[in-house]
Structures are given as C-alpha cells and as structure tokens.
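J.: Pasting a structure here, questions to come.
The values are calculated or read from the model by the stated rules, or taken from the named source; none is laboratory data. Given the structure is predicted, the values throughout are model-derived calculations rather than measurements. Neighbour counts run over all protein chains shown; Cβ positions are idealised from the backbone, glycine included.
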Amino acid sequence: MVPIGYMIRAALRCDTALSRAMLRACGVPVPRRFRTGSIALVDECDGIAECFANHGSPMDGRR
C-alpha cells in the first residue's frame, strides 16, 4: 500500500486537476501556482490550419 505522505509529495510535484483533487482529499492546502504561457506570433504558425483540417473520416473507406 502506498503511504499517504508519498501521495501528497507526488501531488505537490504536479499541477493537474487530479493532483489538486488528491491534495484537497488529504486536507492539504492547494498551493496557488501562477501559470506562465507564451505568445506565438502568427507568422510562426504557417500551416497550422492544415494540421487541424478535417478532410473526412478514416472510417469512410471501410464501407
């Protein structure tokens, strides 16, 4: 069986919904972390729309 202290230490290393739920369930205050993001320039994202384009389902050829 995994000790509760180990689970708390593991949850403190992550910043996910599951780790925050684990901390709340164990009665440990959830530390507030400021999330940093990055801003990508539009010129750097050439072809991104093509990656997400839906050209049909792969299951269409199985009929």
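J.: Take the conditions modelled with pLDDT of 85 or more and surrounded by 10 or more Cβ atoms within 10 Å (Cβ to Cβ) and apply them to MET1. Does it pass?
T.: The answer is no for MET1.
J.: Here's a follow-up. Within the range 15-62, restricting attention to residues that are in a loop (DSSP other than H, G, I, E, B) and basic (Lys, Arg), which residue is modelled with the highest pLDDT?
T.: ARG32
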